[in-house]
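Reading through the C-alpha cells given below for one structure.
The values are calculated or read from the model by the stated rules, or taken from the named source; none is laboratory data. Everything numeric in this text was worked out from a predicted model, so none of it was measured. Note: ideal-geometry Cβ built from the backbone for every residue, glycine included; neighbour counts use all protein chains shown. Surface accessibility is based on the protein's heavy atoms, side chains included, excluding ligands, DNA and RNA. Shrake-Rupley method; radii C 1.70, N 1.55, O 1.52, S 1.80 Å.
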Amino acid sequence: MLRAAALLLAVAPVLAMNRLASEKSPYLLQHADNPVDWLPWGPEAFAKAKAEGKPVFLSIGYSTCHWCHVMEHESFEDPAAAAALNAAFVPVKVDREERPDVDHLYMTAANAAGWGGGWPLNLFLTPDLKPFYGGTYFPPEPRWGRPSFQQVLRRVGELWSTDRAALEGDAGRLAKALAEHGTGSSERATPLPGWPAALVQELKAGFDEERGGFGGAPKFPMPPNLEFLLAEHGRTGDKSALDLARRTLLAMGRGGVYDQLGGGFHRYSVDAHWLVPHFEK
C-alpha cells in the first residue's frame, strides 16, 4: 500500500504537465490523461531533450489502431511504466494521420533497421532525433519472444547512461545509410544465388497449414508475400509457391476479413481464422 501511494504521489504532478490536452488530434487527446508526460512533436520537445541530455521516446499511432489502444491501456496508463518513462526519456506522441511526414520518415528507418514496421511505432531517438532502437508493440510482461516494455526502458536507459557514444554512433550510421539510399548513392547489393527458392522455403516453414496465411493471431494478408509466390510460380512453375498463395487467398475470401457485402479486404483479422476483421480496409 505504501509503495502504491508513493507511486501515485510521484505521478500526480505529471498529470498536470501532459501537454496533449491542448491538441486537436483525436489520437493525441486520447492520451491527454495518461500519467506519461507526453509532449507533441515540436520545438518544445526537441529543446527539452537537448537541455536534459535525454533520449526521445517517440510513439506514433492513430485513433483507430487496435494495438495502440492495447499498449496505452497496458503501459501508458500504468503509473509504474509512466514513472520509468518520464524519468529517463522525453516522451513524444505523434498522430500518423496528422503528421504522415514524420510517420513515413521513422517507419522507413524502423524497417531499414529490421525493427519491424506497424503501429504503434515506438522508437528511441537521440536528442538530435536520430533513431537508435525501436519496435512496434511491447507487451507489459515478456511474451511471444518479446521483452516487456519496462525491460526495454530499463535496458535502453542503462545503455544511454553507460555507452551513449555507441548508441549515437549506431544512430549516425543508420541516418547516413538512409540518406545514401534516398539519393541513390549507396552501392546496390548483389542478391545471393538461389534466393527466390530459399524465400519460398522460408515462407513454407511459417505457413499455417490448417487456416492458410503465415503465423498466428492477428493474421495479416501480407500482399508482398503473396505477390512474390505468384510471381515465382509464373517464373519457375513451382507448384508449392502457387499452393501457398492459393490456399491463403481462398481462406481470406471465405473469411470475415473479406467484406462480403461491400467488397475489399480488411487490413487484418484479430484472430488466426480470418474470421473477425479489424475494420480498416
Just how much of Ser59 is accessible, in Å², when a 1.4 Å probe is used and the result is rounded to the nearest 10? 0
Furthest towards positive pole of dipole, Gly256, Leu159, Leu244, structure part the chain, Cβ charges: Leu244
Using r as the Cβ-Cβ distance of Asp128 and Lys204, and R0 as 41 Å, what FRET efficiency do you calculate, to the nearest 0.05? 0.40
Give me the one-decimal nm value for the distance between modelled label points at Ala21 and Ser161, 7 Å along each residue's Cα-to-Cβ direction. 3.1
Jot down the radius of gyration and Dmax of region 167-281, Cα atoms only, both in angstrom. 18.1, 52
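Order Lys239, Lys219, Lys204, most accessible first, counting only protein heavy atoms with a 1.4 angstrom probe.
In descending accessible area the options line up as Lys239, Lys204, Lys219.
Tally Lys and Arg at +1 and Asp and Glu at -1 over the other residues with C-beta under 15 Å from the C-beta of Tyr133: what net charge comes out? All intermediate terms of the calculation are to be shown ahead of the outcome.
Numbers: positive: Lys54, Lys130, Arg146, Arg154, Arg155, Arg164, Arg173; negative: Glu158, Asp163, Glu168, Asp170.
Computed value for this residue: +3.
Would you kindly calculate the mean projected area, averaged across all directions, of the convex hull enclosing the Cα atoms of the chain, in square nanometres?
Values: hull surface 73.2 nm².
Result: 18.3 nm².
Let's test the formula: R0 of 30 Å, r as the Cβ-Cβ distance of Leu242 and Phe220. What FRET efficiency results, to the nearest 0.05?
On the way: r = 20 Å, r/R0 = 0.68.
Working from the Cβ atoms, E equals 0.90.
Where the only charges are on Cβ atoms (+1 Lys, Arg; -1 Asp, Glu), what is the dipole of the chain about its Cα centre, to the nearest 20 debye?
Roughly 260 debye for the chain.
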Reachable lysines, given that their alpha-carbon falls under 30 Å from the alpha-carbon of Lys176 and they are not under 8 places away in the same chain: Lys48, Lys50, Lys54, Lys93, Lys130
Would you list His73, His233, His31 from the most to the least accessible area, probe 1.4 Å? His73, His233, His31
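Using the per-residue mean of other Cβ atoms lying within 10 Å as a proxy for protection, in what order, highest first, do the peptides 132-141, 63-72 fall?
On the way: 132-141: 19.3, 63-72: 17.8.
Highest-to-lowest ranking by the protection proxy: 132-141, 63-72.
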Let me cross-check Trp195: its accessible surface, 1.4 Å probe, with only protein heavy atoms counted, in Å² to the nearest 10? 120
